Amino acid sequence: MLAQLVRARLMIARQVPRGGPGLVALLVLVNLVLGALPVIFVVATSLVLGRVADGFDALLPVFLIATGAFVAQQIVTPLQSSLGELLARRIDGQVYDELMGAALRSRGIGPLEDQEAVDALRTAARELEFGVQSPGQACAGLLALIARYTSLAGYAAVVGLMFSWLAAAGIAIAVLLFRYGQRGGLRKYVKVRFALGPAERKGDYFRDLAIQPKAGKEIRVFGLAGWLRERLREAYLAWLTPMWKERRRVYLWPFAWFALWALVVLVSVFAAAGAAGTLTLTQFVLVMQAALGALRLSEYYPEADLQTAVGMEAYDRVLRFAAHVDRDTPPPDVTPGRGRTWPVSRIPDPVWTIQFDNVSFAYPGQSRAIFENLNLTFPVGKCTAIVGLNGAGKTTLVKLLARLYEPTAGTIRCDGVDIASYPIEAWRAKLGVIFQDFARYEAPAADNIGFGAVAHMDDREGIRAAADAVGLSETLERLPNGLDTPLARHLTGGADLSGGQWQRVALARALFALRHGSPVVVLDEPTASLDVRAEAQFFETFAELTQGATTLLISHRFSTVRQADFIVVLEHGKIIEQGSHEQLLQRDGRYAHLFRLQADRFTGSSAETVSVA
C-alpha cells in the first residue's frame, strides 16, 4: 500500500508543473503561510491565557498577534482556494487536450470500438467535464496538503519544545498513521467505484431515457413508466450495493482501528502532560491546544483527499486510453510490412481500379473472421452494389476500404498499388463515404454538407448544388436562416430535420465530396429513410452526377440494387455470386431467390421498390 501511495503522489507531482512555475510557487508559499497561521494562533492564544494575571499591557501584544493570525487565516484561505482552482483549470485543460488528442490520434476506429478503451475514455472525460475530482484538482489538493503538514510540524515542535520530544513524535506518528489508513481505504474505495463504472452508466442510461424527449412518446403511449422506474431502481442498486459493501470493508473498519490507536496515543500524551507537574499554565494550555490541533489534522479533507484519489485515478484512465491508442496506431504513413510511403501525387486521379486481394480480417479480440481470402475488384468508373443479409460483412468492407481498420492479411490495391503505402489523409481525401449511421452534426446546414470536403467549405454554390441534387433545397430554404440554420432544435435559431431529410443531408455531403475530387463514392444504405418516389428521383440524379466515378453501393432495396452496373452477393464474408442484375436472375441462385421472394408479394413496378430483410 505504501508503494502505491508513493507512486500516486509521484504521478500527481509530475503534473503540477503544468500549472506554470509562477502559479505553483505562489501556491506553495500561500500554503506554507496557511499552515503556519494556525500554529501562531495557538501559541498566541495560549500566551494570552498565561498573561491574564499580568494586566492589559502584557496581554495586548500577544492578543494582537492572535487576532492578526486569525484574520490572516480568513483572508488566505479563500486565496488558496481561488489559486488552487486556477491551477486545476490550467492542468485540466492540458489533460483534456491530451485526452482528445489521443481520441483523435487513432488512424482507425479500433480503440473507439474497444469496450475497455471506451470505458477508460468515458470515465476520464466525465471527471474532466465536471472538474470536481479531476487531475487538476488532484494537483491542487496535493499542494493543499503542504498547509496541513506544515501545521502538523509546527504543532509537533510546540509539544516537543514545551513538554517532550517523545510525546511530539507519538502525536505526529498517530496523526500520520491515521491519515495513512484513511487515505489507503479511500484509494481502495475509489478503485471500486471506477470498476463499477459500467453499472453506473447503465443507471445513467435509464435516467436519461426517463427525462429526455426522444423516448418520452413511447414511454407514455405504451405505459412504460412503471417498467422504467423499476429498471432504474435495479440499475442503481446494482451499482450502489457493492460500493456500499466495499466502502464498509476497505474504509469504515480500518478507519475505526486507526482512530482507536490515535486516541490511545493522544490520551497518553494528555495524561503524561497532566501528571508531569512541571508545566506552567501557559505551557500546559499550549501543549493541549497543539495536541488537539494536530488531532484535527488527521481528519478527512475533501479538498485534498478525495481529489487526489479520484483525480489521479481519472488521469490513470487517460494514460491507459492513450497507451491503447498508441499500441494500435503505427507511426504516421508507415504500415509494417507494407513497403515505402508514396507521395500524394502518385495516387491515381481519377481512381480506375480497386482490388481486394486475398483479404482476411477479424475484429480485434474476436476469433471469428469476417473475411477469409476475399478477392473482389470494383469495375472501372462503374457502380458496384454489395448485397447480403445482416452480418455478411458489407459495412466491414467499407471500413477496410476507408482504412478505419487494416486487413489481418492480404492487400487492398488501388491501380495495383497497396493503399497502405499512401499517406492515409491523402487516400481518405479520395473517398466520399456516407455510412448507414452517418453523423448528424449540431452545426449549420451548410457545414453539414460542406464537411464532405472540409477544405472547400466556402464553396456555397457547390453546397447549394449538392442540396438541390438530393431534393433538399426547398427544405433548407424554409429554415429560419436557410443554410446557416443550426441543425439542432436546442440551439438558438436552430431547427431539426426528419429522418429522411437528414439522410438527404448525408447524401449531399457525399456529392459535395465528389464535386471536390473524391473519385470513389461509397454509400451505405443511402436511401433507407427515403420513400419510393424520392429514392427513384435521387438515383436518376445520382447516376448523372457520378458518371466516371467508381461507386460502391450497399443497400437492401432491389429498386436500388438492380440499377447498379455490377452486383456482388456476400454471405458469411464470402462472395457467393456476382454479375449484373440480368445475369444474376438468369443464374437463378441466391440473388434471384431473394428478388423473386420479394416480387411474389407485389405486382408491377412496386415489386421492385420495397425493402428485403
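Some points to look at:
- Evaluation of Thr308 against the conditions (1) surrounded by 18 or more Cβ atoms within 10 Å (Cβ to Cβ); (2) out of contact with any Leu (no Cβ under 9 Å at 6 or more places or on another chain); (3) at pLDDT below 70 shows that the sole unmet condition is (2).
- Check on Phe566, open to solvent by less than 40 Å² (accessible area, probe 1.4 Å) and modelled with pLDDT under 90: no
- Selection count, region 155-175, where residues are open to solvent by 40 Å² or more (accessible area, probe 1.4 Å) and among the β-branched types (Val, Ile, Thr): 1
- Matching helices (runs of 4 or more DSSP H) fully within region 181-280 where at least 2 residues are open to solvent by 30 Å² or more (accessible area, probe 1.4 Å) and of a type in the set (Val, Ile, Thr): 253-276
- Hits in region 72-95 (condition: surrounded by fewer than 16 Cβ atoms within 10 Å (Cβ to Cβ) and of a type in the set (Gly, Ala, Ser)): Ser81, Ser82, Gly93
- Here Leu552 does not qualify as at pLDDT 80 or above, open to solvent by 10 Å² or more (accessible area, probe 1.4 Å) and in contact with a helix residue (DSSP H, G or I) (Cβ under 9 Å, 6 or more places away or on another chain).
- Val561 falls short on exactly one of the conditions (1) of a type outside the set (Asp, Glu); (2) in contact with a Ser or Thr (Cβ under 6 Å, 6 or more places away or on another chain); (3) modelled with pLDDT under 65, and that condition is (3).
- Reported count of residues in region 569-584, each being open to solvent by 40 Å² or more (accessible area, probe 1.4 Å) and of a type outside the set (Val, Ile, Thr), is 6.
- Residue in region 50-66 that is modelled with pLDDT of 90 or more, open to solvent by 30 Å² or more (accessible area, probe 1.4 Å) and of a type in the set (A, V, I, L, M, F, W, C) present: yes
The values are calculated or read from the model by the stated rules, or taken from the named source; none is laboratory data. Predicted, not measured: the structure shown is a model, and the values here were computed from it. Cβ coordinates were reconstructed from backbone atoms using ideal geometry, including for glycine residues, and neighbour counts include every protein chain displayed. To get the accessible areas, we keep the full protein, side chains included, count just its heavy atoms, and leave off ligands, DNA and RNA. Shrake-Rupley method; radii C 1.70, N 1.55, O 1.52, S 1.80 Å.
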